[in-house]
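Got a structure here, written out as structure tokens. Questions coming.
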Amino acid sequence: MTDFEGLKALVTGGASGIGRATAELLAERGAQVAVLDLDPSSVEKPLLGFRADVTDDASVRTAVESAVEALGGLDVLVNNAGIGAQGTVEDNDDDEWHRVYDVNVLGMVRATRAALPHLRRSEHAAIVNTCSIAATAGLPQRALYSATKGAVYSLTLAMAADHVREGVRVNCVNPGTVDTPWIGRLLGKAADPVAERAALEARQPTGRLVSAPEVALAIAYLASPLSGATTGTSLAVDGGTQGLRLRPVGQ
Ligand SMILES: NC(=O)c1ccc[n+]([C@@H]2O[C@H](COP(=O)([O-])OP(=O)(O)OC[C@H]3O[C@@H](n4cnc5c(N)ncnc54)[C@H](O)[C@@H]3O)[C@@H](O)[C@H]2O)c1
């Protein structure tokens, strides 16, 4: 499928995991793709890598302008850069709350602000935000992270309303637990990584983790010009975790 032929896309956090899989898929489907990341050193052609920290407005603006110049325009922004946080509401101090909000929420605000003037000039403008099942389900030990993703969900709806008449569609994907380097780091910190992985797999009705290419396909669907009627939605890619209520095995 070459639905992205001639289109230009920018993926934040595109050097790893979901962002990397998305950048590669969009390129396979015909887009010219730039990646914005803290560390773009692993990014290879045909992808273009740009270094930026989404917590730093000047660095985001500079990277977005450089990417748009190199690409010759911008049609698709994938706001994907994000970081994790563990614990209950008691477990993180104010500085940590500000730090995680700064990346996960304001990071999307900064990239979108820088991209919008260019997206308005596109015939097929789309923004896709990487949200999470944590926005819509109560997960234990994820108070701060979930709050940031709840904000991303609301921001997606508000942005969709603000920009629909400018021809800019805005949607989000809500992944369950995805097998990326992120989860590798999380398991690395667990007392029993094998048991922790089994618990994460068991939480998903499909009995396995989601893959990064599966999330990339959902992002590409929402970003594609073929989805011109879809805006202000969230698309779950969570192995059924949000919607299904299974009985325990054997009952
Ligand atoms: N892995 C999961 O289970 C899962 C589930 C739901 C949602 N998500 C979301 O998916 C997104 C990507 O996660 P992933 O699992 O691919 O993680 P990952 O750690 O593999 O990749 C994240 C990328 O973002 C970049 N990044 C982090 N902070 C940045 C900053 N300040 N500026 C620029 N780039 C920065 C990192 O360098 C990295 O390349 C995140 O928004 C995350 O919240 C992940």
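The values are calculated or read from the model by the stated rules, or taken from the named source; none is laboratory data. Source: prediction; values computed, not measured. As a convention, Cβ positions derive from the backbone with ideal geometry for all residues, glycine included, and neighbour counts pool all protein chains shown. Keep in mind that these areas ignore ligands, DNA and RNA; they rest on the heavy atoms of the full protein, side chains included. Shrake-Rupley method; radii C 1.70, N 1.55, O 1.52, S 1.80 Å.
Can you name every residue in the range 21-53 that is of a type in the set (V, I, T) and open to solvent by 10 Å² or more (accessible area, probe 1.4 Å)?
V43
Of V64, V43, which residue is more than 10 Å from the ligand (Cβ to nearest atom) and in the same structural domain as V76 (by TED's automatic domain parsing)?
None of the others qualify; the one that does is V64.
For the structure I just gave you, tell me whether P248 is open to solvent by 40 Å² or more (accessible area, probe 1.4 Å) and assigned to a helix (DSSP H, G or I).
No; evaluated as a whole, the condition is false for this residue.
Please determine, by comparing only the residues of the range 46-61 that are among the hydrophobic types (A, V, I, L, M, F, W, C) and in contact (Cβ under 8 Å) with a residue 12 or more places away in the chain, which one is nearest to the ligand (Cβ to nearest atom).
Across the range 46-61, the extreme among qualifying residues is V54.
While we're on this one: Give me the pairs: first residue in the range 239-251 and closer than 18 Å to R208 by Cβ and not assigned by TED's automatic domain parsing to the domain that holds A135, second residue outside any loop (DSSP other than H, G, I, E, B) and small (G, A, S), beta-carbon distance under 8 Å, and six or more apart or on different chains, which are they?
As it stands, the answer is Q242/A236; G243/A236, since those pairs meet every condition given.
In addition: Looking at L77, is it within 14 Å of the chain's Cα centre (by Cα) and among the hydrophobic types (A, V, I, L, M, F, W, C)?
Against the criterion (within 14 Å of the chain's Cα centre (by Cα) and among the hydrophobic types (A, V, I, L, M, F, W, C)), L77 qualifies.
In addition: Kindly provide the set of residues from the range 8-39 that are more than 8 Å from the ligand (Cβ to nearest atom), in contact with a Lys or Arg (Cβ under 9 Å, 6 or more places away or on another chain) and within 13 Å of A67 (Cα to Cα), ordered by number.
If the condition is that a residue be more than 8 Å from the ligand (Cβ to nearest atom), in contact with a Lys or Arg (Cβ under 9 Å, 6 or more places away or on another chain) and within 13 Å of A67 (Cα to Cα), then V11, Q32, V33, A34, V35 are the ones that fit.
Considering only residues of the range 204-213 that are within 13 Å of the ligand (Cβ to nearest atom) and surrounded by fewer than 18 Cβ atoms within 10 Å (Cβ to Cβ), which is farthest from P248 (Cα to Cα)?
By that ranking, first place goes to P213.
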